[in-house]
Amino acid sequence: MKPFSFLELLARLQALTRRDRRGRKQEATELQVGDLVIDLLARKAFRDGSRIDLTAKEFALLTVLARHQGQILSKTVIAEMVWDVNFDTSANVVEVAIKRLRAKIDSPFKTGLLHTVRGMGYVLEERPGP
């Protein structure tokens, strides 16, 4: 097998990249739920134009909830997706993380986006006001 020249290698890589772009849906770099905007590349979140300071786990939790916007996620599912483990159902790790996240993304604002669905889990969605 003959070695590739640099230009030939570059041309092959460009061709593969073009094929890959056509074949797959481009991954979103920004998620939005109501006035909450999550920049996945910069790893920053903003609500109503104000930046929200989040820890790495809080950002991961918010991203999971935003990617499943409108879907109720159980504590077990959240634990698997954010911490990559199965927690004992009596552990309150997810509840504590949700409480801290809610304090940052909901408490300072008029409307809440992070909701608890009793007996089922949590959902991130914009709900109409009263």
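The values are calculated or read from the model by the stated rules, or taken from the named source; none is laboratory data. The structure presented is a predicted model; accordingly, all values stated were derived computationally and were not measured. In this analysis, Cβ positions are derived from the backbone assuming ideal geometry, glycine residues included, and neighbour counts consider all displayed protein chains.
Cβ-Cβ distances below 9 Å connect the following pairs, each with a first residue in region 109-130 that is free of Cβ contacts under 8 Å to residues at least 24 places away in the same chain, a second residue that is of a type in the set (Phe, Trp, Tyr), and a separation of six or more residues or different chains: His115/Tyr122; Thr116/Tyr122. For region 83-94, does any single residue satisfy the condition of being within 14 Å of the chain's Cα centre (by Cα) and either modelled with pLDDT of 90 or more or farther than 28 Å from Arg51 by Cα (or both)? No, there is no match, as no residue in region 83-94 is within 14 Å of the chain's Cα centre (by Cα) and either modelled with pLDDT of 90 or more or farther than 28 Å from Arg51 by Cα (or both).
Applying the criterion of being β-branched (Val, Ile, Thr) and closer than 30 Å to Pro128 by Cα to the residues of region 1-54, the residue that is modelled with the lowest pLDDT is Thr29. Cβ-Cβ distances below 9 Å connect the following pairs, each with a first residue in region 10-39 that is over 30 Å from Thr111 (Cα atoms) and surrounded by fewer than 13 Cβ atoms within 10 Å (Cβ to Cβ), a second residue that is at pLDDT below 70 and not basic (Lys, Arg), and a separation of six or more residues or different chains: Arg12/Phe4.
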